[in-house]
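This report concerns only the one structure given below.
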Amino acid sequence: MKILRLSTAFLLLFAFSAVAASQHHTGPKVYEEFHDVLHPLEHEALPKKDYRRIRSQTAELVKRGKAIVKSGTPEALVSDKRTEFVAEMKTFDAALNKLKAVARRGSNTKLATSYSAVHDSFEKLLQMLPR
């Protein structure tokens, strides 16, 4: 009976671990690396209006974002989904370019707007990735 309980507990622990791990997965490595910079800015710096921190991390964010652009369109995407993905990738690339420019000499309001455009476009790309 003890062995059955231990086995059941172990299986439940394993199942919960697998579910938890899958919820934090953001996609291919270049997407995860971008997200590693994006996440603290979105959930810490932006709510606190810490524009200095956002500006200081923009070069790294853009660098990692350009790696996503360079990685191209996933082969598993077909026809209309591929077309949508390519269009969103162009939007993402343009948003990165604008953020880079605004971070250098734009107002805090423009920085927040530009940063949010990058974040939102990235989220759309993530949703379009094949599972």
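The values are calculated or read from the model by the stated rules, or taken from the named source; none is laboratory data. Bear in mind that the values here come from a model prediction, so they are computed numbers and not experimental data. Because the Cβ atoms are built from the backbone with ideal geometry, glycine has one as well, and the counts that use them run over all protein chains shown.
Key figures
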quantity	calculated
Residues of region 85-131 satisfying the condition of being assigned to a loop (DSSP other than H, G, I, E, B) and among the polar types (S, T, N, Q)	SER107
Inter-residue pairs, beta-carbon under 8 Å, first farther than 24 Å from THR109 by Cβ and in region 55-80, second surrounded by 12 or more Cβ atoms within 10 Å (Cβ to Cβ) and of a type in the set (Lys, Arg), 6+ apart	THR73/ARG82
Identity of the residue in region 84-124, among the hydroxyl-bearing types (Ser, Thr, Tyr) and either within 20 Å of HIS35 (Cβ to Cβ) or at pLDDT below 95 (or both), that ends up surrounded by the fewest Cβ atoms within 10 Å (Cβ to Cβ)	SER116
Qualifying residue in region 16-23 (condition: at pLDDT below 95, part of a helix (DSSP H, G or I) and among the hydroxyl-bearing types (Ser, Thr, Tyr))	yes
Hits in region 45-78 (condition: assigned to a loop (DSSP other than H, G, I, E, B) and not β-branched (Val, Ile, Thr))	LEU46, PRO47, LYS48, LYS49, ASP50, GLY72, PRO74, GLU75, ALA76, LEU77
